[in-house]
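A quick write-up on the structure given underneath.
Rule-based calculations on the coordinates, nothing more; no lab input. Predicted model only: the values in this text are computed from it and were never measured. Cβ placement follows ideal geometry from the backbone for every residue including glycine, while neighbour counts extend to all protein chains displayed.
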Ligand SMILES: *Cc1c(COP(=O)(O)O)cnc(C)c1O
């Protein structure tokens, strides 16, 4: 028997995982991506494990009040999905030892996922809520994920070749690897270089404010500095300590999540001269979860038409159940479901209100919105209130579905006719809901940003809104994009929708494009070929 392994064994670190709506440890795109990653790795039988946190309250359930505002109701974690491992590890936070339990999750046909959680009730403030609390809580959470994660992998006896930090939240794992190298007698430089050969990093945000920074003094006080001096810490992450910069300096290779995002990220971080090279690996989605089986199996036009009608009808049922609204089965249903945040411009269609109202009054179009705002994002909450107000002003023509989650995501990316995306370019790093829609024959109408730069063949797989021109002022870009969107709907999308043969052939082109090029299987293979290649392979764990 050969003991040679050809694939590195990888530990994938992420703050959130969207594996199922019943496992409430995710908030949005990052988690859904991580969940799809673990499922694809499992399907491809690759030696990969996930590391995350067992959030007591998960993310928020968001309901809408009679006054039209978002109201948060955090859901408790369903512990039946967790299996506690016998090992316990501990980390030091603000001078206190915090013992951590390790829970395994493998109920969703996923690569094993290990979730950390403080054993003692007195320490549970740390992991109470995903992205909850203030900066101290955040640093404490990141110590649990990074430092606790490395210790847990060792306690479990897993020989890990590569540590993949999916976003900057896990970079303290890199400091822990350096600390261990020094324990074995290496200099700081040598320990850093050795740790670096075993770390890769994915950056997700082209929005500057989205890149987390921490004060060096806070890191020292809380114990995140481990045994490093302030000077050493600063060499890795700068001052204040930037988690993305640290990720780039701790990793041997890094990546952005779409081709255009790769260009943006390389420009954005060009001043980090000793950072890892940034490759581009475009995200993908797990077709086993996101593509409707009836659509997948529809060989004939009749079968595709009836699968589409079934999906549309299921969405109408959900809208009736959730909002008491009856959608029109003949109208073009435009879907828009995303985290509520300004750069995504959910109300772009209403930029010219008279024009939007004329379109809605024509009865040819209906809009279905869904989205959550971060509990402390006032701007996002205001956008939700605006969407709810629009739905009340246009009953039956505009719908807002509260509490966007994986289940609603599945219904919407199957049941709409068109999937709308209107980010301010180039702020959408990738976007994955459009891939889910495309796989189901829901045609994308989108700004050329993120993955759509690669997936769009105008008038064939879907449509682009406007062009790639850059506007100096946001207001000019908004006006130009809103005009282009209205013109596109009138001149291209609505006529195509009434031409059955045309719509069928576009749906086929969309499905084929998405399944071939934007599946999570393709994404995971790309990670092995680009980011994980040439990893130094360690001996298997059985040898000790
Ligand atoms: C797919 C998905 C996302 C991410 O999609 P984007 O296009 O990046 O917004 C977020 N939330 C849920 C529930 C999803 O299913």
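Assuming R0 = 51 Å, can you tell me the calculated FRET efficiency for the pair residue 328 and residue 273, based on Cβ-Cβ distance, to the nearest 0.05?
0.30
Tell me the Rg and the Dmax, in Å, that the Cα atoms of the stretch 293-395 produce.
Just the Cα atoms of the stretch 293-395 yield Rg and Dmax of 16.0, 49 Å.
Could you put 290, 503, 269 in order, starting from the residue whose Cβ has the fewest other Cβ atoms within 10 Å?
503, 269, 290
Tell me, what is a quarter of the convex hull surface for the C-alpha atoms of the chain, in nm² with one decimal?
Orientation-averaged projected area of the Cα hull: 25.3 nm².
Can you work out the FRET efficiency for the pair residue 6 and residue 454, with r the C-beta to C-beta distance and R0 = 41 Å, to the nearest 0.05?
Result of the calculation: an efficiency of 0.90.
Just grab the label-to-label distance for residue 479 and residue 313, each label 7 Å out from Cα along the Cβ direction, in nm (one decimal).
Label-label distance for residue 479 and residue 313, simple model: 4.7 nm.
Only helical DSSP H runs with n ≥ 4 go in: add -39500 (n - 2.57) per run for the chain, normalise by residue count and round the 222 nm mean residue ellipticity to 500 deg cm²/dmol.
-11000 deg cm²/dmol
Modelled label-to-label distance, residue 407 and residue 104, 7 Å Cα→beta-carbon offset: nm?
Label-label distance for residue 407 and residue 104, simple model: 2.9 nm.
In Å and from the alpha-carbon atoms only, list the Rg and Dmax of the stretch 360-498.
Taking only Cα atoms of the stretch 360-498, I get Rg and Dmax of 15.1, 43 Å.
Label residue 97 and residue 468 with points 7 Å out from Cα along Cα→Cβ: what is the distance between them in nm?
It is 5.8 nm.
If you fit an axis through the alpha-carbon atoms of helix 500-517 and take the longest principal axis of the Cα set of the chain, what angle between them do you get, 0 to 90°, nearest 10?
Computed tilt is about 10 degrees.
Roughly how many Å is it from the Cα centre of the stretch 367-446 to that of the stretch 117-132, as a whole number?
Cα centroid of the stretch 367-446 versus Cα centroid of the stretch 117-132: 31 Å apart.
Take every DSSP beta bridge whose two residues both sit in the chain, then give the antiparallel share in percent to the nearest 5.
Values: 21 of 65 bridges.
Among the beta bridges of the chain, antiparallel pairing accounts for roughly 30 percent.
Angle between the Cα long axis of helix 378-393 and the longest principal axis of the chain, 0 to 90 degrees, nearest 10?
20
Helix 301-323: angle to the longest alpha-carbon principal axis of the chain, degrees 0 to 90, nearest 10?
Helix 301-323 sits at roughly 80 degrees to that axis.
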